[in-house]
Amino acid sequence: MSHVFALAFILFTLHPAETPGSPGDPQQQTSMESLIRQATFIFVGTVARTNATTMSEVQASDSTAVVRVDEIVEAPGAPPDLNGQEITVKLATAGSVKAGEQATFYTKGWLLGESMAVIELSHTPTSPQAHEQVESTRRKAADEALKGEITSAEAIVAGTVAGVKPSSIRHIGSEHDPDFYEAEITVDSVVKGKVTGHSVVVLFPNSDDMMWQGSPKFKQGQQGVWLLHRNQTKMPGVKDQYTVLNPLDYQERGELERIRSLSKAAK
């Protein structure tokens with residue numbers, strides 16, 4: 001494999017395998033959705049060899065197969081040059097594939113080194129609908145996550161950042177100090193809750209520390225939609241103030257109608 005991760009092995013969480021329903025089965029959509037939600041690496045591949053492996057760290061058995069990656073369906077964070085490469089698949093069911101068989105493999109990442117090894121959740125016959133099924137499931141999952149934040153938000157507003165400045169909240173004397181800043185939002189639309197006046201002040205972590213990397217950061221003139229919460233953290237000085245800590249708590253302005261729709265559905 002040209003993309004080498006020398007001795008940098010990564011172990012991901014293993015979930016139990018699931019077997020999709022048969023074609024036409026009313027349970028198929030549900031089981032496929034569950035399968036896609038669990039999988040972190042989905043690809044179309046052709047079995048090159050059974051009872052074999054591409055990595056010395058993985059012992060060959062009837063539960064392993066070497067599979068050539070023909071097409072990536074979804075693989076966030078995976079090496080960028082996998083197409084055409086052979087990888088090791090730890091099968092969900094021993095002896096469930098044969099050499100020359102092509103299938104769509106739903107897997108979770110396992111090891112990266114001189115090659116790559118994944119743990120199979122299940123595999124299905126190849127289908128032109130695979131990409132569409134994955135995209136549909138990911139959209140549904142994203143809507144569910146956003147809906148959860150919408151439900152817990154005290155207020156949701158659309159507007160523009162009028163100004164940003166350091167807050168008066170005392171620093172905690174740690175490398176994980178959030179370095180809270182204040183953003184004043186000029187409100188032009190209220191999706192949920194009650195907002196007094198034409199603006200709101202929200203706290204956000206200005207720190208780039210790993211603890212706060214995912215938290216939204218704001219600058220003057222920025223437009224968007226804010227999902228406002230109180231008491232997201234118990235840090236001193238933050239009590240009862242609006243905060244935006246979760247990556248989902250800020251959305252681009254173009255997501256306004258989606259958020260309105262999800263907000264109505266959440267009631």
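The values are calculated or read from the model by the stated rules, or taken from the named source; none is laboratory data. This is a predicted model, so every value here is computed, not measured. Using ideal geometry, Cβ is built from the backbone for each residue, glycine included, and neighbour counts are taken over all protein chains shown.
Of all residue pairs spaced 6 or more apart or on separate chains, those with beta-carbon atoms under 7 Å, a first member in segment 123-144 that is surrounded by 12 or more Cβ atoms within 10 Å (Cβ to Cβ) and a second member that is part of a helix (DSSP H, G or I) are Gln133/Met32; Gln133/Ile36; Val134/Ile36; Thr137/Glu33; Thr137/Ile36; Thr137/Arg37; Ala141/Arg37; Asp143/Leu262. From Pro216, Pro205, Pro166, which residue is touching a strand residue (DSSP E or B) at 6+ places or on another chain (Cβ under 7 Å) and loosely packed, with under 14 Cβ neighbours inside 10 Å? So the residue among Pro216, Pro205, Pro166 that is touching a strand residue (DSSP E or B) at 6+ places or on another chain (Cβ under 7 Å) and loosely packed, with under 14 Cβ neighbours inside 10 Å is Pro166.
Within segment 150-163, the set of residues being surrounded by 18 or more Cβ atoms within 10 Å (Cβ to Cβ) and assigned to a loop (DSSP other than H, G, I, E, B) comprises Ala153 only. Candidates Val47, Val97, Val66: the one that is in a loop (DSSP other than H, G, I, E, B) and modelled with pLDDT of 95 or more is Val97. Evaluate segment 238-250: report whether one residue or more is within 19 Å of the chain's Cα centre (by Cα) and among the acidic types (Asp, Glu). The answer is yes; a qualifying residue exists.
Residues that are closer than 15 Å to Tyr250 by Cβ and free of Cβ contacts under 8 Å to residues at least 24 places away in the same chain: does segment 190-213 have at least one? The answer is yes; a qualifying residue exists. In the condition set (1) under 17 Å from Met55 (Cα atoms); (2) assigned to a strand (DSSP E or B), Leu82 is compliant with all but (2).
If only one of Val89, Val73 is in the same structural domain as Gly109 (by TED's automatic domain parsing), in a strand (DSSP E or B) and surrounded by 20 or more Cβ atoms within 10 Å (Cβ to Cβ), which one is it? Criteria check complete, one pass: Val89.
The set of residues from segment 223-247 being surrounded by fewer than 18 Cβ atoms within 10 Å (Cβ to Cβ), touching a residue at least 60 places away in the same chain (Cβ under 8 Å) and not in a strand (DSSP E or B) comprises Met235, Pro236, Gly237. Inspect segment 201-208 for any residue being in a strand (DSSP E or B) and farther than 17 Å from Glu154 by Cα and give the result as yes or no. Within segment 201-208 (the criterion being in a strand (DSSP E or B) and farther than 17 Å from Glu154 by Cα), the answer is yes, since at least one residue qualifies.
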